[in-house]
Amino acid sequence: MTQFQAQAPVARTPGSRWRLQIVHRTRFHYSGPVRSSYNEARLTPDNSARQTTLRSRVEIEPGATAYPYRDYWDSTVTAFDLHTPHAELVVTGTSIVEAGPDLAAHDRLGWAALAGREVREQFGELLAPTALTAIDDDVVAAARDLVGDGRPQDAGPLVCGFVHDHMEYLSGSTNVKTNAMQAWRRGLGVCQDITHVTVGILRALGIPARYVSGYLHPRPDGEIGAAVTGESHAWVEWWDGGWNGFDPTNSVPIGNRHVTLGRGRDYGDVPPFKGLFSGPRSEGHTVTVEVTRLA
């Protein structure tokens, strides 16, 4: 077994925060011994004004040498490769995090400022559509009509509500290659799809927006000490002079149940795991996420 471990000093935090332990385990099964594999895991939670990662480790079975680094989007990546035959690969990320609402205030910009050259140069990558977030003109027009004369700070919540009202969450209804318009036309998707649609509309309106990958404790009244089946989750952040987070799938602000892993243009920038292998075919993989509220 190989471990990569990162620790941070315990920080004094607001009473509204929850302390959560997350155990994210992925098992890959193969039809025979794999000769070699090259892998990246994004399982180390972020540190920010609203979230403190107290402890985090990534365990790999069979053992491998791990190389942690920060990627272009500032996510922590654990890279490793294996060159001994193996019919199964197990990667487990275990973290303890204190998370809460974002209490930081910022000055809000208007539409003219957002359309200015300085903002467009700074956030160009978060204003442009991607293959997963591109939205058709008629959907953008409907969202623009809904926003009306509202300010950018009003547009974010309105767009989140617009998408939430149109799309039904249905586990297994899509896959990681489903794009925003495919999910929108079906009116069905998972958190990844709902977030892609929201991000795409916000960008089309001229508001920088990014995809956030993380975890969600499923119970608003989570009992301390009770381990529950959690979720890999996704939500949106938009910029109107400062960053604002919202969970359009559940129609709630980001708070003490949300743990951030990373951010990017879309899911493709922040997958929890990706890799290549040489050998017999894959028999699939299983993922479990266990979340325990510690305090």
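The values are calculated or read from the model by the stated rules, or taken from the named source; none is laboratory data. Note that the structure is a prediction, hence the values are computed from the model and not measured. Glycine also receives a Cβ, built like all others from the backbone with ideal geometry; neighbour counts cover every protein chain displayed. Areas reflect the complete protein model, heavy atoms only, side chains present, ligands, DNA and RNA absent. Shrake-Rupley method; radii C 1.70, N 1.55, O 1.52, S 1.80 Å.
Would you call V91 aliphatic (A, V, I, L, M), touching a Ser or Thr at 6+ places or on another chain (Cβ under 6 Å) and in contact (Cβ under 8 Å) with a residue 60 or more places away in the chain? Yes; evaluated as a whole, the condition is true for this residue. When G150 is tested against (1) free of Cβ contacts under 8 Å to residues at least 12 places away in the same chain; (2) open to solvent by 70 Å² or more (accessible area, probe 1.4 Å), only condition (2) is not met.
When you look at N175, is it open to solvent by 20 Å² or more (accessible area, probe 1.4 Å), under 27 Å from R42 (Cα atoms) and without any contact (Cβ under 8 Å) to a residue 24 or more places away in the chain, yes or no? In short, yes.
If you take the residues of region 218-231 that are outside any loop (DSSP other than H, G, I, E, B) and at pLDDT 95 or above, which of them is nearest to the chain's Cα centre (by Cα)? Per the criteria, the residue is T229. Is it true that some residue in region 210-217 is open to solvent by less than 30 Å² (accessible area, probe 1.4 Å) and either modelled with pLDDT under 95 or within 23 Å of L114 (Cα to Cα) (or both)? Within region 210-217 (the criterion being open to solvent by less than 30 Å² (accessible area, probe 1.4 Å) and either modelled with pLDDT under 95 or within 23 Å of L114 (Cα to Cα) (or both)), the answer is yes, since at least one residue qualifies.
Can you tell me which residues in region 219-244 are under 30 Å from Q122 (Cβ atoms), among the small types (G, A, S) and surrounded by fewer than 21 Cβ atoms within 10 Å (Cβ to Cβ)? S232, G241, G242 - these are the residues of region 219-244 that are under 30 Å from Q122 (Cβ atoms), among the small types (G, A, S) and surrounded by fewer than 21 Cβ atoms within 10 Å (Cβ to Cβ). Checking each residue in region 156-179 for being of a type in the set (D, E, K, R) and assigned to a strand (DSSP E or B) picks out only E168. Within region 93-132, the set of residues being surrounded by 15 or more Cβ atoms within 10 Å (Cβ to Cβ) and part of a loop (DSSP other than H, G, I, E, B) comprises G100, P101, D102, L109, F123, L127, P129, T130, L132. A142 falls short on exactly one of the conditions (1) surrounded by fewer than 17 Cβ atoms within 10 Å (Cβ to Cβ); (2) touching a Pro at 6+ places or on another chain (Cβ under 7 Å), and that condition is (2). In this structure, V199 does satisfy being open to solvent by less than 30 Å² (accessible area, probe 1.4 Å), assigned to a helix (DSSP H, G or I) and not charged (D, E, K, R).
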